[in-house]
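Chemist: The structure's right below; bear with me while I get my questions together.
A short reminder: the numbers here are calculations on the coordinates, not readings from a lab. What you see is a predicted model; the values in this text were computed from it and never measured. Neighbour counts are summed over all protein chains in view; Cβ atoms, including those assigned to glycine, are modelled from backbone coordinates with ideal geometry.
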Amino acid sequence: MDKPVYVTKPYLPPFDEFVEGLKEIWDSNILTNMGPIHNRLASKLQEYLKVNQIALILNGHLALEIGIQTLGLKGEVITTPFTFASTTHALVRNGIKPVFCDINPEDYNIDCSKIESLISEKTTAIMPVHVYGTPCDVDTLDKIAKKYNLQVFYDSAHAFGVEINDTGIGNFGDMSMFSFHATKVYNTIEGGCLTFTNTDYERIIYLLKNFGIAGPEDVLLTGTNAKMNEFQALMGLLNLNHVSEEIVLRKQKVQLYRDNLSDISGLELLPVPKNQVKSNYAYFPILIGDKYGISRDDLAEVLQKHNIYPRKYFYPLVTEFTCYKGMFSAETPIAKDVASRVLCLPIWGDIPDETILKICMIIREKR
Ligand code: T4K
């Protein structure tokens, strides 16, 4: 390829739309601290995600930390090692011990059948991840949580716009976090949000993201600074007008990959989303099996020689990170196996069909 092909390309609105939008910021002189564009975006996103309550945050990671503090999680939280660093870091940075549960080999989400054996008297919550945007088994998670009086905080970083039977994915559990990072299906440059149903949380989150300031002379708690600014919110407002179209395009690209890869021996693709699921086609992972003939790492190298840069999301497993190695005992053989074989191929709405066909040809020929 003449130009490098990365795992994704951030969505940008038409340049003129952004420049036009900037005028409002220049007129108002409000750059941040929950300004008018921030507030408009919050109500539009609440509608789009079909949720009762929403709070915009500076980025997805800080949203996770603020969510943990709002829910009052402590002790041990059961989670998955097959995720981005952020999920585990958010727990550890808040003094919580992550207890790692294995994933299932079908969709790489937390294996609900293995959760109960990990619950101890210190367990306060489950933090599952809707990996690659595929919904976790929300019904079983709900049953386990009710049975053991645990909270469920979903890391929905990948699941923007995903629905189950017309219900927005952000309605399940006690709280969900969405990431609006540049590399996501929907972006506000950096950004994120929390969605929840308990109305008490709105004020706590507001305080936590704004230093705990309740008024010019009143600081109520030890908050941080995690406010989304007006430039981010403007990007978000404009991108929201285009995101449905982006998801339709991604669906076509995913189909093109499927049509050209599904007959290759030794390759495993994610299952087609179930009928009741509205997918967002955020990632296109493939698993490389023995029958394929060369290893995942060798295939990644072959693609790189063609200036194509897929990513090994999520390798290494969190439990193998230098900062965590040997710290947590974890029996997660499936996660280990998937992490050693996964490769996420380039995907975004307007990736040219010829690029996908070329990638598929290289994968078929292994050279
Ligand atoms: N939970 C989960 C499960 C997550 O996956 C994430 C983030 C979080 C929590 C935390 O949410 P945030 O705090 O990030 O909102 C990327 C993203 O930075 C990260 O947001 C995402 N998960 C993760 C899965 O992917 P990296 O380290 O792979 O990013 P990077 O910079 O290598 O970007 C990947 C490729 O995208 C580059 O090779 C080129 C392209 N790119 C990237 C950027 C930033 C561009 O073309 N333009 C750009 O501006 O983490």
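Chemist: Condition first: under 20 Å from THR88 (Cβ atoms) and surrounded by 23 or more Cβ atoms within 10 Å (Cβ to Cβ). Now tell me which residues in region 159-179 satisfy that.
Modeler: Across region 159-179, the qualifying residues are ALA159, GLY173, MET175, SER176, MET177, PHE178, SER179.
Chemist: If you don't mind, there's one more thing I want to ask. Suppose we filter region 300-315 for residues that are under 20 Å from ALA335 (Cα atoms) and of a type outside the set (Lys, Arg); how many remain?
Modeler: Adding up the residues that qualify gives 5.
Chemist: Moving on. Checking the condition touching a strand residue (DSSP E or B) at 6+ places or on another chain (Cβ under 7 Å), of a type in the set (A, V, I, L, M, F, W, C) and closer than 18 Å to THR224 by Cα, which residue from LEU49, LEU73 passes?
Modeler: Answer to the check: LEU73.
Chemist: Scan region 295-334 for residues that are of a type in the set (A, V, I, L, M, F, W, C), exposed (fewer than 14 other Cβ atoms within 10 Å of the Cβ) and either under 20 Å from GLU268 (Cα atoms) or under 24 Å from the mean Cα position of the chain (by Cα) (or both) and jot them down.
Modeler: Matches in region 295-334: CYS323 only.
Chemist: Among the residues of region 129-159, write down those that are within 11 Å of the ligand (Cβ to nearest atom) and either basic (Lys, Arg) or not in a strand (DSSP E or B) (or both).
Modeler: The answer is HIS130, VAL131, TYR132, GLY133, SER156, ALA157, HIS158, ALA159.
Chemist: Could you tell me which of the residues LEU237, LEU207, LEU194, LEU256 is more than 24 Å from PRO346 (Cα to Cα), in a helix (DSSP H, G or I) and in contact (Cβ under 8 Å) with a residue 60 or more places away in the chain?
Modeler: The match here is LEU237.
Chemist: Also, I was wondering about something else. Considering only region 307-331, state which residues are more than 16 Å from the ligand (Cβ to nearest atom) and closer than 22 Å to SER113 by Cα.
Modeler: Selection gives PHE328, SER329, ALA330, GLU331.
Chemist: Take the residues of region 335-367 that are touching a helix residue (DSSP H, G or I) at 6+ places or on another chain (Cβ under 9 Å) and of a type in the set (Val, Ile, Thr): which is surrounded by the fewest Cβ atoms within 10 Å (Cβ to Cβ)?
Modeler: It comes out as ILE362.
Chemist: Tally time: how many residues in region 176-215 are hydroxyl-bearing (Ser, Thr, Tyr), touching a Ser or Thr at 6+ places or on another chain (Cβ under 8 Å), farther than 22 Å from LEU141 by Cα and away from the ligand (no atom under 11 Å from the Cβ)?
Modeler: Selection size over region 176-215: 0.
Chemist: Would you pick out the residues in region 15-25 that are over 16 Å from ASN229 (Cβ atoms) and touching a residue at least 12 places away in the same chain (Cβ under 8 Å)?
Modeler: Across region 15-25, the qualifying residue is only GLU17.
Chemist: OK, next. Take TYR292 and decide whether it is touching a His at 6+ places or on another chain (Cβ under 8 Å) and farther than 30 Å from ILE25 by Cβ.
Modeler: When the stated conditions are applied, TYR292 does not pass them.
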